[in-house]
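Written out below as structure tokens is the structure these notes cover.
The values are calculated or read from the model by the stated rules, or taken from the named source; none is laboratory data. What you are looking at is a predicted structure, and each value in this text was computed from that prediction instead of being measured. Here Cβ is always computed from backbone atoms with ideal geometry, including for glycine, and neighbour counts include all displayed protein chains. With ligands, DNA and RNA removed, areas are computed over all heavy atoms of the protein, side chains included. Shrake-Rupley method; radii C 1.70, N 1.55, O 1.52, S 1.80 Å.
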Amino acid sequence: GQLPTWLQGILLRNGPGMHTVGDTKYNHWFDGLALLHSFTFKNGEVYYRSKYLRSDTYNCNIEANRIVVSEFGTMAYPDPCKNIFAKAFSYLSHTIPEFTDNCLINIMKTGDDFYATSETNFIRKINPQTLETLEKVDYSKYIAVNVATSHPHYDSAGNTLNMGTSIVDKGKTKYIMFKIPPSVPEKEKKKSCFKHTEVVCSIPSRSLLNPSYYHSFGITENYIVFVEQPFKLDIVKLATAYIRGVNWASCLAYHKEEKTWFHFVDRKTKKEVSTKFYTDAMVIFHHINAYEQDGHVIFDIIAYTDNSLYDMFYLKNLTTDFEEKNKLTSVPTCKRFVVPLQYDKDAEVGSNLVTFPSTATAVKEKDGSIYCQPEILCEGIELPRINYDYNGKKYNYVFATEVQWRPVPTKIVKFNIQTKEMLHWEEDHCWPSEPVFVPSPDAREEDDGVVLTCVVTSDPKEAPFLLVLDAKTFKELGRAKVHVEMHLDLHGMFIPEKDLKTETE
């Protein structure tokens with residue numbers, strides 16, 4: 001095929017790549033050592049490269065020729081040859097665990113720099129052109145967070161906005177929204193942007209020892225949207241996991257009898273909206289988008305009724321007949337919540353406060369709290385992406401993978417939220433990864449551009465490839481085959497040529 005001449009830059013992706021070290025094996029697919037890979041587009045040609053993230057975790061494991069650093073689903077125990085004192089000490093030091101820097105989930109941009117991220121307090125700077133691993137940054141040196149999401153947002157001023165949880169800090173557990181500036185003042189050129197990290201606001205956790213797990217959050221022009229779900233981390237279990245010989249993943253539990261709470265923080269005043277908004281129990285990983293309309297915040301998410309998704313990816317379940325055998329017990333559902341932030345305070349109890357046409361409702365309860373029920377937009381999509389120029393604004397299109405009842409994606413889709421129309425791309429034995437939308441330079445409409453996805457094949461005779469689709473029609477423009485083994489990755493980003501430093505810089 002042919003690539004558009006304007007497509008110049010790098011598609012950079014991240015995901016687990018190595019699951020065995022020496023004689024030891026990780027228990028879970030999401031624990032594997034991070035493997036970065038990239039497709040560089042230059043004058044109609046595509047260049048591929050891949051490299052393991054040289055994290056401290058990677059280096060320690062490779063040097064020991066066994067897994068010596070614990071991951072979320074796999075506990076690593078110290079070498080039995082060590083003396084008894086060293087042993088006792090290592091048990092103690094695991095109370096608030098020294099987390100791994102195996103940053104395998106996503107890529108984050110801060111100023112002119114790029115970082116591999118996961119959900120611990122560590123991120124690793126990387127060179128997007130060579131995939132070389134550079135310095136390690138510890139968020140907790142700048143703000144009191146023990147974990148942070150790997151789905152940050154970017155505002156129009158170039159700031160990076162992210163959320164993390166501060167566990168039992170000064171006797172409180174809270175969710176912290178923080179902002180990293182894109183650059184530092186001239187006179188501080190030697191310092192890093194992280195030194196100027198600012199806490200935007202904090203939301204107290206409803207429970208000191210059971211904070212909510214979250215993988216992403218939403219943002220509109222004026223608000224930050226945070227969903228506190230009853231999928232929670234048990235801090236006491238976390239602190240004793242090492243001694244009990246269980247993994248940290250076992251410290252997460254879904255409480256289906258509890259509510260899911262919505263928090264809205266005003267970005268200007270940094271204060272939370274005082275009304276209590278809630279819905280039924282659900283598990284969410286990915287926010288799609290959020291925006292404001294007529295005094296309401298509208299936000300779209302992908303929700304589950306249980307947490308079976310994580311369990312599917314234990315390596316013991318990833319057998320040859322994985323596709324046939326494994327079924328999700330909860331299908332991912334794309335839900336739209338419409339939340340009236342401005343409403344008639346004298347409205348009757350039991351009345352629906354949503355004032356424009358939508359099947360989503362927000363009903364006033366006796367105690368003044370508001371119970372929200374969503375509009376179901378569609379089912380069976382995951383790894384959603386949008387045209388990020390429309391982030392926080394009214395929008396039409398979601399690009400995603402289609403999973404239905406299987407945990408492995410077999411199609412990519414373009415879903416029109418307004419008309420509910422869906423376009424697909426699929427091919428036999430093909431497993432596409434998260435689709436990334438790249439707008440064309442002279443884009444007039446939301447879907448002017450291309451969609452990029454890396455496709456691995458379950459047919460050993462077929463080579464994996466990068467696929468380029470016209471985002472409007474979803475017709476294939478071209479593909480670049482890669483004659484090496486490519487891994488199924490998680491997330492990534494497209495970096496336009498103008499955002500890449502030249503080698504001299």
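Below are the figures for this structure:
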quantity	calculated
Spatial separation of Cα centroids for the range 98-144 and the range 374-434, in angstrom	28
Computed [θ] at 222 nm, helices only, for the chain once each DSSP H run of length n ≥ 4 contributes -39500 (n - 2.57)	-2000 deg cm²/dmol
Distance between modelled label sites at I62 and T20, nm, 7 Å Cα→Cβ extension	1.8
Vicinal HN-Hα couplings computed from phi for the range 354-360 (Karplus, 6.51 cos²θ - 1.76 cosθ + 1.60; Hz; Gly/Pro x)	6, 9, 10, x, 6, 7, 6
Euclidean distance between Cα centres, the range 446-479 to the range 206-252, Å	35
Alpha-carbon Rg/Rh ratio, for the range 394-449, with Rh computed the Kirkwood way	1.02
Alpha-carbon radius of gyration plus Dmax, which is the widest Cα pair, for the range 164-220 in Å	14.6, 43
Kirkwood hydrodynamic radius of the range 297-403, Cα pairs, Å	16.5
Size descriptor, Kirkwood hydrodynamic radius, that averages inverse alpha-carbon separations across the range 350-505, Å	17.9
With every protein chain in place, the range 9-499: carbon and sulfur % of accessible area (1.4 Å)	52
Under-5 Å amide H pairs with L500, H placed in peptide plane, nonlocal only	none
Cα-centre dipole for the chain with unit charges at Cβ (Lys and Arg positive, Asp and Glu negative), debye to 20	1360
Extension reserve of the E375-D346 stretch, reckoned as 0.36 nm per residue once the Cα distance is removed	7.9 nm
Sequence of K498, K191 from largest to smallest accessible area, 1.4 Å probe	K498, K191
Förster radius 22 Å - calculated FRET efficiency between T269 and E186, Cβ distance, rounded to 0.05	0.15
Three-way shape call for the chain based on the alpha-carbon gyration tensor, with the a/c threshold at 1.5	rounded
Listed residues E382, E427 arranged by accessible area, highest first, probe 1.4 Å	E427, E382
Distant-in-sequence amide H partners of T24 (H built 1.01 Å from N, under 5 Å)	I67
Mean projected area (nm²) of the alpha-carbon convex hull when the range 85-241 is viewed from all directions	11.3
Per-residue HN-Hα couplings for the range 30-44 [Karplus 6.51, -1.76, 1.60; θ = phi - 60°; Hz; x = Gly/Pro]	6, 9, x, 5, 5, 10, 8, 9, 9, 10, 9, 9, 9, 6, x
Amide H contacts under 5 Å for L134, placed H, 5+ residues apart	K125, I126, N127
Theoretical FRET efficiency, 1/(1+(r/R0)^6), r = Cβ-Cβ of Y52 and T355, R0 60 Å, to 0.05	0.65
Calculated from backbone phi, Karplus (6.51, -1.76, 1.60) coupling profile of the range 334-347 in Hz, x at Gly/Pro	7, 10, 10, 9, 10, 10, x, 7, 10, 8, 5, 5, 8, 4
Net charge of neighbours whose Cβ lies under 11 Å from the Cβ of V265, counting Lys and Arg as +1 and Asp and Glu as -1	+2
The chain, relative contact order [Cα under 8 Å, separation at least 6], %	12
